[in-house]
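Chemist: Input: one structure, supplied below.
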Amino acid sequence: MKYAIIVVFSACFLGAAFAQKACSCDPITAYVKQRDFDSIGEYKPQSLLKESWRFSKMTAPRCKAYSAHLRAEYHLSKSQLETARKYLEKEKFILDSIKCKRSSYLENNIAFGDYYLRVGEFKFAVDAYTKALSLFKKQANPNLQSKVLLALSAAQSKLGDEDKSRNYLFQAHPLVMHLPDGPGKVDNLLNLSSRYYYHFQVSSNSALLDSSYHAADFGLSLAKRISYKDAFVKGYNLMEDKAYHERNFRVALLYLDSALLFTQSNTAFNDREGIFADMSDIYLELKQYDKAYQFADSSLTYAMKMENPYKVKNALELVYNCAKLSGEYERALLVYEDLAIMRDSVKQLQSQKAYNDLEEKFHRVHKEKQEFEYKQDQKLLQQQREIGDLRNKLIAVGWVIFALLGFYMFMVFRQRSIKQRQKKLEIQQRLNKARINPEFIYQAISNLKNVQANTDFSKKVTAFSKLIKQLLEGSGDDFLTLDKELEFLKLYLDIERDQKGKSFDFQFEVDEHLDIHDVCIPTMILQPFIENTVNQGFKGLKHPGELLIKFTLLGNNELAIKIQDNGRGLKAVDSSRASGIINDRLYLLNKINKASSSYIIRERQSGGVSIEIFLPLITKAYAEKLSSEEGN
């Protein structure tokens, strides 16, 4: 029954393990390790689209979900926010369908937080980042944890809670500093610098400005060491912030020139627009209005290439200020007309955006309500399915219990049957112990009738009486000491020898190391073999019969008994009765004593039969203990 229970629990465990296998994807572990945990000597750009395509070709559902995640990351980096959201929802749908553990949702929650932060849904962003933060207790990843803490700092600032924002910033700082050298550490250092600079602007605390500068300097130095050029522009811009606020304009311009050097004029429109605007501001501070106007005009050019009305409006305001301060009023007037038009456009856009945002929120709330109702319906259906599954499991468990009970009952009845068989054998043994050939008793009494009443007659009657007495007394015993067995066999053989006209002789040999008063053997296992030898093996023998009965100690715990004769051999002897008796006796002895007893019957080369019996060495005290246990 124990093994059956083990089999049932093993099957349940294997079923759970098979269900969780769909949530595993070893290539994700390798990818994340290389991205977040390994220090690198040189940065090698990785294409999110290429990696997404690689994961999409894998068969595991978890791998396909990660393919969708990398697609979403790519579209977030390109500010294609709605497309990114669709891929994030696809990833979440796959994870839900294969019922993965909560830890599998870590990067999905982070990416959703990034999306909500970019679209202005700051409360949703905080919720998503907080969910991700709770998962780091079971899945340590300092690189992602630093990113989440810094993102939470930004989101809390957007919600107006600067205390929480600073708390998250200070939590992130030590984590960032201990990250392995790589692009992840560089990005987090620059984000850390950006957050410190923001809080400096809010509080005017110069210590925060210093922290911003040191984080940017560390990040830029590491970026140079690993050739992570994508970080150079942001690093130099952050370094410029400190120089500008300290009015060290020449150094600030050097940082901006360095940043400009690493931008592409045909692609980096946003970066170049910002750099030219900052240069224009510095030259305004230096009262070099011509240069300020030149860089403001360049800023306007890139703002127009971006087709971003907000950027265009800001650039026009900068150009207008430069023209006015330089005394070029006619140009300032022309720019002002364009600025007025652009301001009106921006106001309309802001109104339209406010309307669109309101409409989008309405649709989102409506959609969320529908999704909530759908989830409630799904939850109800799931509960009904779980109830059905539970019913089926209970039925299955009932069948298993029924089968186990049936198996248990079978074992009980089998044990009972074995005990009954053992009891029968014991009864049969007691009957067998009382079996001395009736022919022997009849012949013995007939011989006594022909003997005159003299001393021989008296001896023979006395011997016969002793034999019958020992036989009756021993019929209830399972073991006899060796001295009593020898006495019984001598009485028996003396009577048989007289009946056979002294046609054979017998001899006992006992190992000197055996204590015949303490060593015991099972009753009536030797007499049937001796009886066969005397009545069948010596019958019609032309030479005197010789019978040797030898007791030898083997090692410390085994007794060997040899019965050897020079009779007519196995062909003249029917040993079935003797073998049946000894087989049953040895079976019971082995079962009770948990030992290995055996016997061998073979033909002697010189003529006759040799019988060897091997028994465990049983002392008188141990025999009494076995007999009492058997009686209980």
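Chemist: Can you list the HN-Hα couplings for region 564-577, worked out from phi with the Karplus curve (6.51, -1.76, 1.60; θ = phi - 60°), rounded to whole Hz and with x for Gly and Pro?
Modeler: Values, residue by residue: 10, 9, 10, x, 7, x, 5, 5, 9, 10, 9, 9, 5, 5 Hz.
Chemist: Once a ≥ b ≥ c are taken as the square roots of the eigenvalues of the Cα gyration tensor of region 88-191, is the result rounded (a/c under 1.5), prolate (a/b larger than b/c) or oblate (a/b not larger than b/c)?
Modeler: oblate
Chemist: Can I ask one more? Amide H of Val519 versus every other amide H placed in the peptide plane: which residues, excluding those fewer than 5 positions away on the same chain, fall under 5 Å?
Modeler: Residues meeting the criterion, in which the H sits 1.01 Å from N, are Leu482.
Chemist: Further question on the same structure: Tell me, what is the per residue accessible area of region 254-322 in Å², probe radius 1.4 Å?
Modeler: 49
Chemist: Under the rule of at least 5 residues apart or a separate chain, name every residue whose amide H is placed under 5 Å from the amide H of Phe504.
Modeler: Distant-sequence amide H within range of Phe504: Gly545.
Chemist: Calculate the all-directions average of the projected area of region 479-632's alpha-carbon convex hull, and give it in nm².
Modeler: Working: hull surface 37.1 nm².
One quarter of the hull surface, i.e. the mean projection, equals 9.3 nm².
Chemist: Order the peptides 200-208, 407-415, 213-221, 65-73 from the highest to the lowest mean number of other Cβ atoms within 10 Å of their residues.
Modeler: So the peptides 200-208, 407-415, 213-221, 65-73, ranked by packing, come out 65-73, 213-221, 200-208, 407-415.
Chemist: Per-residue HN-Hα couplings for region 179-195, Karplus 6.51 cos²θ - 1.76 cosθ + 1.60 at θ = phi - 60°, whole Hz, x for Gly and Pro?
Modeler: 5, x, 5, x, x, x, 5, 4, 4, 5, 5, 5, 5, 4, 4, 4, 5
Chemist: Greater than 32 Å separation of Cα atoms is the criterion. Which listed pairs, Lys57/Lys123; Lys44/Lys90; Lys92/Lys158; Lys185/Lys375; Lys158/Lys287, meet it? Please list the in-between numbers first.
Modeler: Details: Lys57/Lys123 36 Å; Lys44/Lys90 29 Å; Lys92/Lys158 27 Å; Lys185/Lys375 40 Å; Lys158/Lys287 35 Å.
In this structure, Lys57/Lys123; Lys185/Lys375; Lys158/Lys287 exceed 32 Å between Cα atoms.
Chemist: Beta carbons within 10 angstrom, averaged per residue: use that to sort the peptides 75-83, 269-277, 374-382, highest first. Walk me through the numbers before you get to the answer.
Modeler: Values: 75-83: 13.9, 269-277: 21.1, 374-382: 10.4.
By packing density, highest mean first, the sequence is 269-277, 75-83, 374-382.
Chemist: Going by amide H atoms built from the backbone, whose H comes under 5 Å of the H on Val510, apart from near neighbours?
Modeler: For Val510, the qualifying residues are Phe551.
Chemist: What ranking, highest mean first, results for peptides 282-291, 313-322, 239-248 when packing means the other Cβ atoms within 10 Å averaged over each residue?
Modeler: 313-322, 239-248, 282-291
Chemist: Rounded, prolate or oblate: which fits region 246-310 when a ≥ b ≥ c are the square roots of the eigenvalues of the alpha-carbon gyration tensor, with rounded for a/c under 1.5 and prolate only if a/b beats b/c?
Modeler: Oblate.
Chemist: Assuming a ≥ b ≥ c are the square roots of the Cα gyration tensor eigenvalues, decide whether region 134-200 counts as rounded (a/c under 1.5), prolate (otherwise, with a/b larger than b/c) or oblate.
Modeler: Note, shape of region 134-200 comes out oblate.
Chemist: Within region 138-200, which trypsin sites (Lys or Arg not before Pro) sit in a loop by DSSP and count at most 14 neighbouring Cβ atoms inside 10 Å?
Modeler: Lys138
Chemist: Also: Apply the Karplus curve 6.51 cos²θ - 1.76 cosθ + 1.60, θ = phi - 60°, to the phi angles in region 35-50 and return the couplings in whole Hz, x for Gly and Pro.
Modeler: Once θ is set to phi - 60°, the couplings for region 35-50 become 6, 10, 10, 8, 6, 10, x, 8, 6, 10, x, 10, 8, 4, 5, 5 Hz.
The values are calculated or read from the model by the stated rules, or taken from the named source; none is laboratory data. All values derive from a computational prediction rather than experimental measurement. Methodologically, a virtual Cβ is constructed for each residue, glycine included, from the backbone with ideal geometry; neighbour enumeration extends over all protein chains shown. Only protein heavy atoms, including side chains, enter the accessible area calculation; ligands, DNA and RNA are left aside. Shrake-Rupley method; radii C 1.70, N 1.55, O 1.52, S 1.80 Å.
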